[in-house]
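So the structure is just underneath, and the comments pick up after that.
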Amino acid sequence: KPDEFSSHLVLENHVFVPLLSAEEKKEIQHILSQPFTHLGLGKQMTAYESEDKQYVLKLFNPRARLKDKSFQDLKHMKSLCTMKWFSSAYFKRKERLLKIFNRHAMAFSKMKEEAGLLYVHLNPFTAIDQSAHIIDKDGTQYDVHLKNVPFVLQRKVELAGARLAREQNPEACYAQMRELFTIRAKLGFTDRIQTLHNNYGFYGDKAIQIDVGRINFSQDVLNNPELEVDRIMTSINRQLSSRR
């Protein structure tokens with residue numbers, strides 16, 4: 001239920017987020033005044049699509065989500081019944097959330113356009129005193145007060161897989177992806193998971209990283225961004241080849 005997304009962490013943490021102007025914040029409030037319908041459930045966040053299909057509201061999952069296949073594997077099922085798993089899932093919840101908060105704050109501060117980020121609410125100073133009308137996947141409707149709910153507002157993009165599937169001449173897409181990775185690498189950021197079809201998309205002719213929950217700063221990447229870009233493009237070309 002959406003009320004589970006409410007978190008005291010947003011009231012006490014000191015994650016730095018650049019503040020928007022009054023006019024920019026007014027525009028965010030206008031976007032959030034429309035209904036949002038369940039779009040998808042990820043490991044870190046749950047996504048809702050705006051009525052005009054231009055924006056995505058993401059709420060941070062209070063606990064790491066278990067995949068369906070976890071319940072089909074007896075060995076994995078046994079591991080879920082251990083004190084080690086409970087410790088990781090519940091006692092380290094704050095540590096897990098703050099790590100994800102910091103990564104989104106970092107993306108919003110340094111690569112907002114490349115991540116399609118419009119707003120992140122991660123501390124008391126970014127609070128918006130209004131409710132969002134949420135329609136869950138079963139059709140249940142809620143009004144979620146956003147002041148105490150950490151959230152991310154992002155542009156809705158066309159997923160990279162869908163764009164590449166319909167492009168007869170994908171070279172332009174590859175060039176846009178390379179430009180995104182070059183900008184990211186020159187900032188010193190890397191991402192250990194390069195799942196092209198799920199984590200990236202296109203907003204118009206601009207490649208966007210829609211999942212920044214695992215980005216990290218690396219001095220090695222900052223020192224040699226070209227090596228990082230070549231590594232990523234090699235990985236992506238391998239993914240594309242396997243799907244042909």
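The values are calculated or read from the model by the stated rules, or taken from the named source; none is laboratory data. Here the structure is a predicted model, which is why all the values come from computation and not from measurement. Quick reminder, even Gly has a Cβ in these numbers, built from the backbone with ideal geometry, and neighbours come from all protein chains shown. Calculation scope for accessible area: heavy atoms of the full protein, side chains included, ligands and nucleic acids excluded. Shrake-Rupley method; radii C 1.70, N 1.55, O 1.52, S 1.80 Å.
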Give the shape of the stretch 128-189 as rounded, prolate or oblate, defined through the alpha-carbon gyration tensor: a ≥ b ≥ c are the square roots of its eigenvalues, a/c under 1.5 means rounded, and otherwise the shape is prolate if a/b is larger than b/c and oblate if not. oblate
GLY42's amide H: which non-local residues (gap 5+, or another chain) put their own amide H closer than 5 Å, with H modeled 1.01 Å from N in plane and none for Pro or chain starts? ALA47
With a 1.4 Å probe and every protein chain left in place, work out the accessible area per residue of the stretch 129-171 in Å², rounded to a whole number. 55
LEU39: accessible area at probe 1.4 Å, nearest 10 Å²? 80
Probe 1.4 Å - accessible area at TYR200, Å² to nearest ten: 0
Where in the stretch 133-239 are there GluC sites (Glu not before Pro) that are in a DSSP coil and have at most 15 other Cβ atoms within 10 angstrom of their Cβ? GLU167
What part of the accessible area of the stretch 126-190, given as a whole %, is carbon or sulfur when the probe is 1.4 angstrom? 47
Run the 1.4 Å probe and let me know the accessible area of ARG155, rounded to the nearest 10 Å². 70
